[in-house]
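Trainee: Take this structure first; my questions come after.
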Amino acid sequence: MATSSSGASSGSSTLRSSSSSEDFQPILDERKRKRMLSNRESARRSRMRKQKHLDDLMAQVSDLTNHNNQILTSINVTTQLYSNVEAENLVLRAQMTELSNRLQSLNEIIHFINSSNGVLQNDTNFDQPAYCHPHHQLNDDSLMNPWNFSTTNQPFMPSADMMMY
């Protein structure tokens, strides 16, 4: 009988534990369901954050691409302007060199004329002035002759306006 009473008592404790776990099963199922819903909601929020971050990055890529295009356009315009200025400077340097050479030649001519004005050609001929030069006849046409520099014995000085043409 002892065995039967122990068998009955063990059976009732098993019955009690199974009935108590059955009582907790709906609570466990409810907790599991809430946890699943919470996880789904958390995953949905995470996907939304990820999508928003991706959208923000795509907008940033678009903005940076537009900014890069503007910079490239600005660089191209600046490069073209630089090339134009460089070409203009090259022309102006060539003009300046040519005008400097002309000025030096004209100053040399003036120096030559000024240095040869006092030379006497013929001491016995008093009909001609002492400062007579074969190419410098003093007459009414002396001012009309462009090669007559006897009246302009000052060196030429360049001006700012000369370099513009």
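Bear in mind that the values in this text are calculations on the coordinates, not laboratory data. These numbers were taken from a predicted model, which means no experiment stands behind them. Reconstructed Cβ throughout: ideal geometry from the backbone, glycine too, with neighbour counts over all protein chains shown.
Trainee: At 0.36 nm per residue, minus the direct Cα-Cα distance, what do T78 and E108 gain on full extension? Give it in nm, one decimal, please.
Mentor: On the way: separation 30, 0.36 × 30 = 10.80 nm, distance 4.39 nm.
Stretched fully, the T78-E108 segment lengthens by 6.4 nm.
Trainee: Between K32 and D56, what's the calculated FRET efficiency when r is the beta-carbon distance and R0 is 30 Å? Round to 0.05.
Mentor: According to the calculation, E is roughly 0.25.
Trainee: Another question about this same structure. Among residues other than A94 whose Cβ falls under 14 Å from its Cβ, what is the net charge (Lys/Arg +1, Asp/Glu -1)?
Mentor: Details: positive: R93, R102; negative: E86, E88, E98.
Neighbour charge sum, excluding A94 itself: -1.
Trainee: Just add up the charged neighbours of S62: K/R +1, D/E -1, any other residue whose Cβ is under 15 Å from the Cβ of S62.
Mentor: Once all neighbours under 15 Å are counted, the net charge is -3.
Trainee: Right, something else. Starting from the Kirkwood radius over alpha-carbon pairs of the range 32-109, derive D by Stokes-Einstein at 37 °C in a medium of 0.692 mPa s and give it in µm² s⁻¹. Walk me through the intermediate numbers first.
Mentor: Numbers: Rh = 18.9 Å.
This corresponds to a translational diffusion coefficient of 174 µm²/s.
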